[in-house]
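Taking it in order: structure first as C-alpha cells, then the write-up.
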Amino acid sequence: MPRRGRKQTHAIAEDTLVSLAATVRAARERKRWALATLAERSGLSKGMLLQIEGARTNPSIGTLIRIANAFGVGVWELFASPADAVKLAAPSDALTLWRSSRGGTAVLLVGAASPQPIELWQWRLAPGDVYKAEAHLATTVEVIHMQQGTLTLVVGKKRVAVAAGASAVVRMDQRHQYRNEGRSSARFTMVVIDPR
C-alpha cells in the first residue's frame, strides 16, 4: 500500500461503503466469528473492522485484500450481495478503489468466485505515480497487459519494465510496486487469479 511520497487517496461512494459494511458483517456472522476472530485472521485491528462494518471509513485496497483473504473470497465479493453473484457488470458497477493525487486510478471492473476467485482491473498511473503493495497469498498470480506507456514492475528485488503491447505474468507472494517512471500516462489491464 502507499507508504511514502505523495499522498495517495481514494473515495468509495457512500452507498458502496454501506454495501461493503453489510457484506462484511453478514460474512462474519455466517462464519460465526467474533470481531476479534476476523481481526486475528485478517491482521487488522478491531477498531478498523468496526469502522468498516459501520461504513465510516474508506478502506485501502490492501485492507480489502486482507479481509477477502480472511474469508477466502475475492475482493469483488466484498461488494456483492449473494443476489448479485451472477450479473452483467455495467460501467456504473466499476469501483475506483485507489486514486493518486496525480490522477492515477485502480478500478475493479468485475470479478467471479468460481471455479476460483478472479478479478479484472483497469489501472492508470500518471507520470511519477508509485503504488506500493504488500505480499498477497502464495497462490496469487497477476496477469498484466500494457495498453499505453511503460510500467516499471518491482517484485521483491526484481525490477522489470513492461512496455505498451507487452504482457507479464507475475506471482505476487512478496512486496511489490507499480511505478510510472516515464513522462506519459501508463495504462494497463490486470487479471488477478487467486487459486485456493
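The values are calculated or read from the model by the stated rules, or taken from the named source; none is laboratory data. Since this is a predicted model, take the numbers as computed values, not measurements. All Cβ positions, glycine included, derive from the backbone under ideal geometry; neighbour counts span all protein chains shown.
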Scan of the range 133-154 for residues that are within 13 Å of Arg175 (Cβ to Cβ) and at pLDDT 95 or above, ordered by number
Leu153, Val154
Here are the criteria: (1) assigned to a helix (DSSP H, G or I); (2) basic (Lys, Arg); (3) over 19 Å from the mean Cα position of the chain (by Cα). Tell me which single one Arg32 does not satisfy.
(1)
Identify, by number, the condition in (1) crowded, with 17+ Cβ neighbours inside 10 Å; (2) under 21 Å from Glu119 (Cα atoms) that Ala13 doesn't meet.
(1)
For the range 147-195, which positions are under 17 Å from the mean Cα position of the chain (by Cα) and of a type in the set (Lys, Arg)?
Arg171, Arg175, Arg179, Arg187
Filter the range 35-81 for residues that are closer than 21 Å to Ile193 by Cβ and in a loop (DSSP other than H, G, I, E, B); which is modelled with the lowest pLDDT?
Ala80
